[in-house]
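I have placed the structure first, in the form of structure tokens, so that the comments after it can refer back to it.
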Amino acid sequence: MTAFDTLSLRPEIQAALAQLGHHTATPIQARAIPHALEGRDILGIAQTGTGKTAAFTLPILQRLGAAPSALPLRMPRALILTPTRELAVQIGESITNYGVGLKLSHTVILGGVGQGSQVKALANGIDILVATPGRLLDLMTQGHVRLDKVEVLVLDEADRMLDMGFIHSLRKIMAKLPANRQTLFFSATMPADVSELANKMLRDPLRVEVTPVSTTAERITQQVIFVPAAEKRHVLVDLIRGDAGMQRSIVFTRTKHGANRVSAQLEQAGIEAAAIHGNKSQNARQKALDGFRAGTVRVLVATDIAARGIDVDGVTHVVNFELPNEPETYVHRIGRTARAGASGVAVSLCTADGDERAYLRDIEKLIRKSIPVGERPEATPQAAAAPVSRPPLPARQPRNGGGNGGRGQPRGQRGAEGQAEARPQGQRPARNDGQRPARNDGQRPARTEGNRPQGPRPEGVRPEGGRPQQQARPQGQRPAQPQGQRPNAPRPAAPRPVQDGRGTQFSSFVAALNANEDQQPSREDRNRPRRRR
């Protein structure tokens, strides 16, 4: 056991640690901090929850606090890169707590929120910059930040950063960093691509490895429950309802949509739940985390990427709603519980066949132990949302022209689906259609025909001059149409009524043209000048 007061830290830092109740360093802190204080590069391999955040923030505060900054604005002295927004916020909070007695400034820049306040903070000058790669690259391109004078670079959760596809952004950022710097490189796992990146970034690093990834915490009780995929959400509800000890649980899903569906199912069952994933805004994710810390949210449903950076004490249970396809991810997930000497439970819901059974074998091979099979929880009466009870509808009243439109009953008597309190039937008098006086058209006064502006409508055929003419064209202007151009349909026996003021001949001419469009007047007739009256 190594006490912080033996690590030669500044009095201001030791006072802050004591104020937070931190007196003993964790293994990763005890092994990494002394060499980092000497300026050596560090390659740290440690799982989440081992205290690695303090392993790199304390040496940075020690180094920068000893020499006040005289650099121009927009040029930080230390840069900490993280893969997720939650992790960036967590690291920023740690710097605030540990450096409360130091005159050092820092800011956190991340995506998902407006960049106005971030640009303003950079313009005012900062010592320590905590950033996600995407937003940092954007602000670098816009000229709001320069990395020429970075003295210490920290790459946290390097394996997850590569999994999220940040390798190209990292290369662009690395190209802007000075070669003469100290680099602190931390990762939970060390696959080939992460090892290759570390070799390019580090110079003669000290390798510090704590709790190899192939092992899981001994204080975590693990079990697997075999259940069909279609029944997983119902089993999850039964599991949480049947165990009063699941007061602060994290449920992991593989997809964002899956997280939304699981969260909705839990809330429908009356369980306080919230989902966090990449599609959620930063404000929504922070609100969910704050509720989870405060205890108002009992279950946090998360994807693997969004869960990086969740640092909440007192997590009692971790549930793998779906097993991850990478066994190392399983170790990261269940490491969210059993922290700081506490115990925890990890439950995995697994299908009996298919891909998940193969994933389970890979996990057991990695952790070198078989996961015990647990019993399916008993179904609770309130596991599913109770159906809305509705009284039988009354018989539909006949439509007698009443003011209720034939609906039969007032709205307040329609059952429990409304939110307002039902109105007693006695408050509204019963409708009696018989009390309505019979309609008597004879009582209506006769309409005076003289009120019509056109006068009385004629009974017979409207005369030719009844509609105003617009310079009626003389009938002799158009040549007589041959009988052969008319349609073959038999002519009606009755005289054709006049359709408009232009006369019957014009209507017949239009009908003939519609029946036989290819017969047109001759060119000579079309070119004949028209006579004016």
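The values are calculated or read from the model by the stated rules, or taken from the named source; none is laboratory data. Predicted model, so just to flag it, every value in this text is computed and none were measured. Every residue, glycine among them, receives a Cβ derived from its backbone with ideal geometry; neighbour counts consider all protein chains shown.
Against the test of being in contact with a strand residue (DSSP E or B) (Cβ under 8 Å, 6 or more places away or on another chain), within 30 Å of residue 288 (Cβ to Cβ), in a helix (DSSP H, G or I) and modelled with pLDDT of 90 or more, the options 79, 122, 129, 137 yield a single qualifying residue, 122. Among residues of region 322-338 that are over 22 Å from residue 292 (Cα atoms) and without any contact (Cβ under 8 Å) to a residue 60 or more places away in the chain, those with a beta-carbon under 9 Å from a residue that is small (Gly, Ala, Ser) and surrounded by 22 or more Cβ atoms within 10 Å (Cβ to Cβ) at least six positions away or on a different chain give the pairs 323/348. Just one residue in the set 30, 55 is in the same structural domain as residue 114 (by TED's automatic domain parsing), hydrophobic (A, V, I, L, M, F, W, C), under 25 Å from residue 194 (Cα atoms) and surrounded by fewer than 21 Cβ atoms within 10 Å (Cβ to Cβ); that residue is 30. Of all residues in region 10-65, those satisfying the criterion of being of a type in the set (Ser, Thr, Tyr) and either touching a Pro at 6+ places or on another chain (Cβ under 8 Å) or assigned to a loop (DSSP other than H, G, I, E, B) (or both) are 26, 48, 50. Against the conditions (1) among the polar types (S, T, N, Q); (2) within 25 Å of residue 220 (Cβ to Cβ); (3) modelled with pLDDT under 90, residue 382 satisfies every one except (2). If you go through region 262-316 and pick out every residue that is within 21 Å of residue 242 (Cβ to Cβ) and loosely packed, with under 15 Cβ neighbours inside 10 Å, you end up with 6. Note on region 254-276: residues that are under 26 Å from residue 156 (Cβ atoms) and either assigned by TED's automatic domain parsing to the domain that holds residue 90 or out of contact with any strand residue (DSSP E or B) (no Cβ under 7 Å at 6 or more places or on another chain) (or both) amount to 3.
Selection within region 135-190: residues that are surrounded by fewer than 17 Cβ atoms within 10 Å (Cβ to Cβ) and small (Gly, Ala, Ser). The member of this set that is farthest from the chain's Cα centre (by Cα) is 179.
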